[in-house]
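Enquirer: Take a look at the following structure, please.
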Amino acid sequence: MDLRKLKTLIDLVSDSNISELEITEAEGKVRIVKSDPHVSAVPTMMMPAPMPTMSMAPPRSAASVAADAAQAAADAIAETGHVVKSPMVGTFYRAASPGGKPLVEVGSAIKAGEAVCIIEAMKIMNEIEADESGTVAKILCENGQAVEFGQPLFIVDRRS
């Protein structure tokens, strides 16, 4: 294998998410492995750390903390209304197009099956429909916010 071809392969590996590349040709075999930038090239001696006596909870992401807070708020309000939850992970949009009129506002009367928001997932815009009729009492997400599966989106007052 010539040097230019080898340099091109090395550049390809270093510029991509590929961590390892192996090529076999008639002239021979080449294996390129990208080193982990987080691993030090100089060996270091580490002393064993004492084991903690308390168990620690794993760190939580900001999205899961926000989802839990929204869920708690929805649970408190749900006694007087119905919670419309996200059926998927994605990005929440109130309008069908950027700068467009929101599909619903607080106080909007909605019917079951009516589109209330858009959730973008994998570049596909999915209309989310109300599963019950009523009046939108509260919108729990901001436009452009990432949402999780089952995250509360709206509170619908069924008494209307």
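Enquirer: If you go through segment 125-140 one residue at a time, do you hit one that is of a type outside the set (A, V, I, L, M, F, W, C), modelled with pLDDT under 90 and surrounded by fewer than 14 Cβ atoms within 10 Å (Cβ to Cβ)?
Expert: Within segment 125-140 (the criterion being of a type outside the set (A, V, I, L, M, F, W, C), modelled with pLDDT under 90 and surrounded by fewer than 14 Cβ atoms within 10 Å (Cβ to Cβ)), the answer is no, since none of the residues qualifies.
Enquirer: Spot the failing condition for residue 106; the list is (1) surrounded by fewer than 13 Cβ atoms within 10 Å (Cβ to Cβ); (2) out of contact with any Lys or Arg (no Cβ under 8 Å at 6 or more places or on another chain), and only one is missed.
Expert: All conditions are met except number (2).
Enquirer: Also, quick follow-up: Out of (1) out of contact with any Pro (no Cβ under 6 Å at 6 or more places or on another chain); (2) surrounded by 12 or more Cβ atoms within 10 Å (Cβ to Cβ); (3) at pLDDT below 80; (4) in the same structural domain as residue 148 (by TED's automatic domain parsing), what's the single condition that is false for residue 10?
Expert: Condition (4) is where residue 10 drops out.
Enquirer: Residue 69 - would you say it is at pLDDT below 60 and on the phi < 0 side of the Ramachandran plot?
Expert: Details: at pLDDT below 60: no; on the phi < 0 side of the Ramachandran plot: yes.
No: the conditions fail for residue 69.
The values are calculated or read from the model by the stated rules, or taken from the named source; none is laboratory data. These figures come from a predicted structure and were not determined experimentally. Counting neighbours? That spans all protein chains shown, and the Cβs are built from the backbone with ideal geometry, glycine included.
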